[in-house]
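Single-structure report; data block below.
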Amino acid sequence: QEQLVESGGGLVQAGGSLRLSCAASGRTFNSYDMGWFRQAPGKEREFVGAIRRVNGNTYYADSVKGRFTVSRDTAKNLVYLQMNSLEPEDTAVYFCAATVAGDGLRDAKKYNYWGQGTQVTVSS
């Protein structure tokens, strides 16, 4: 059973940066592709970015492309979401998730395990 724990959220001014971390426990962590999603109040959970296990390729939502970067440290079982040039519209609870599906990285339904989320608030 994989467990995911996010950290690094907080309050930041517009234009600032935050780095979220996702710590994974479990012997098979490196078998998963990893994704980040976010959910703002009253909105559906949306895809932010993802990273492939096999080759480290990354994928991003158009709304964060060029500002956010997903990376992973397989030796430490950590996945990161570096967020730069933050905007008030980025305010949400951010979740990391793991999937073995191999496709559909942008689809939350494809993910098998989820963290509890960490709040990111961007003030204007």
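Readers should treat all values here as calculations from the given coordinates under stated rules, not as data from a laboratory. These numbers were taken from a predicted model, which means no experiment stands behind them. Methodologically, a virtual Cβ is constructed for each residue, glycine included, from the backbone with ideal geometry; neighbour enumeration extends over all protein chains shown.
When only alpha carbons are used to place a centre, segment 1-61 and segment 66-124 end up 2 Å from one another. Backbone phi angles across segment 74-82, fed through the Karplus curve with coefficients 6.51, -1.76 and 1.60 (θ = phi - 60°), yield HN-Hα couplings of 5, 5, 9, 6, 10, 10, 10, 10, 8 Hz in residue order; Gly and Pro are listed as x. Take 52-59, 97-104 and order them by the average number of nearby Cβ atoms within 10 Å per residue, most first; the result is 97-104, 52-59. Note on Lys76: aspartates and glutamates with a C-alpha under 20 Å away, same-chain residues under 8 apart excluded, are Glu2, Glu6, Asp33. Between amide H atoms placed 1.01 Å from N, distances below 5 Å from Phe68 occur with Asn84, all of them 5 or more places distant or on a separate chain. Summary value for the chain: 35 percent relative contact order, contacts being C-alpha pairs under 8 angstrom separated by 6+ residues.
Dimensions of segment 1-102 along the principal axes, based on C-alpha atoms and rounded to the nearest Å, stand at 38, 25, 22, largest first. Once you divide the Cα radius of gyration of segment 1-54 by 2.2 N^0.38 Å, the number left is 1.35.
Of the residues Gln1, Leu11, Tyr80, the one whose Cα sits farthest toward the positive end of the charge dipole of segment 1-112, with +1 on the Cβ of Lys and Arg and -1 on the Cβ of Asp and Glu, is Gln1. Karplus-based coupling profile of segment 51-64, in residue order and whole Hz: 9, 6, 5, 6, 9, x, 4, 10, 9, 9, 5, 4, 5, 10, with θ = phi - 60° in 6.51 cos²θ - 1.76 cosθ + 1.60 and x standing for Gly or Pro.
Based on the Kirkwood radius over alpha-carbon pairs, what is the Stokes-Einstein translational diffusion coefficient of segment 43-124 at 25 °C with 0.890 mPa s viscosity, in µm²/s? The estimated diffusion coefficient comes to 181 µm²/s.
Taking the Cα centre of the chain as origin and assigning +1 to Lys and Arg Cβ atoms and -1 to Asp and Glu Cβ atoms, the resulting dipole is close to 280 debye.
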